[in-house]
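Please read the structure below before turning to the comments.
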Amino acid sequence: MKRAPRKKRTASGGNTTEPGFINRNLQEVVTRTDLPGNDHNQVTYILRCQSCDHRYGANGSDIFQRRCPVCGAGRPGLPIS
């Protein structure tokens, strides 16, 4: 018996730092990095905008509310390299 493909978690539930999570502004978590974030005890995660495909860094604590810095009038992303 074939299983249906798993749906990606969205802003309605799930762990916001898990790769594949998509927030209400269509920003998808790609991966966690070992780079420090700029908020207390945070690390940088790479997010990808599902509208324009831009990739940028964000604190784990900001993922749920992030907007794309290119097409969504969001704040500049954190360095990811």
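Looking only at residues in the range 10-54 that are small (G, A, S) and over 12 Å from the mean Cα position of the chain (by Cα), the one that is nearest to G77 (Cα to Cα) is G37.
Consider the range 44-63. How many of its residues are surrounded by fewer than 17 Cβ atoms within 10 Å (Cβ to Cβ) and closer than 15 Å to E18 by Cβ? Residues in the range 44-63 being surrounded by fewer than 17 Cβ atoms within 10 Å (Cβ to Cβ) and closer than 15 Å to E18 by Cβ: 1 in total. For R3, the stated conditions do not hold, so it cannot be described as surrounded by fewer than 13 Cβ atoms within 10 Å (Cβ to Cβ), more than 19 Å from S81 (Cα to Cα) and modelled with pLDDT of 95 or more. Within the range 64-74, being closer than 15 Å to N23 by Cα, surrounded by fewer than 20 Cβ atoms within 10 Å (Cβ to Cβ) and either modelled with pLDDT under 95 or small (G, A, S) (or both) holds for one residue alone: G72.
The selection criterion, being free of Cβ contacts under 8 Å to residues at least 24 places away in the same chain and in contact with a Ser or Thr (Cβ under 8 Å, 6 or more places away or on another chain), does not hold for D53.
The values are calculated or read from the model by the stated rules, or taken from the named source; none is laboratory data. As the structure is a prediction and not an experimental result, all values here were calculated from the model. We place every Cβ from the backbone using ideal geometry, glycine too, and count neighbours over all the protein chains shown.
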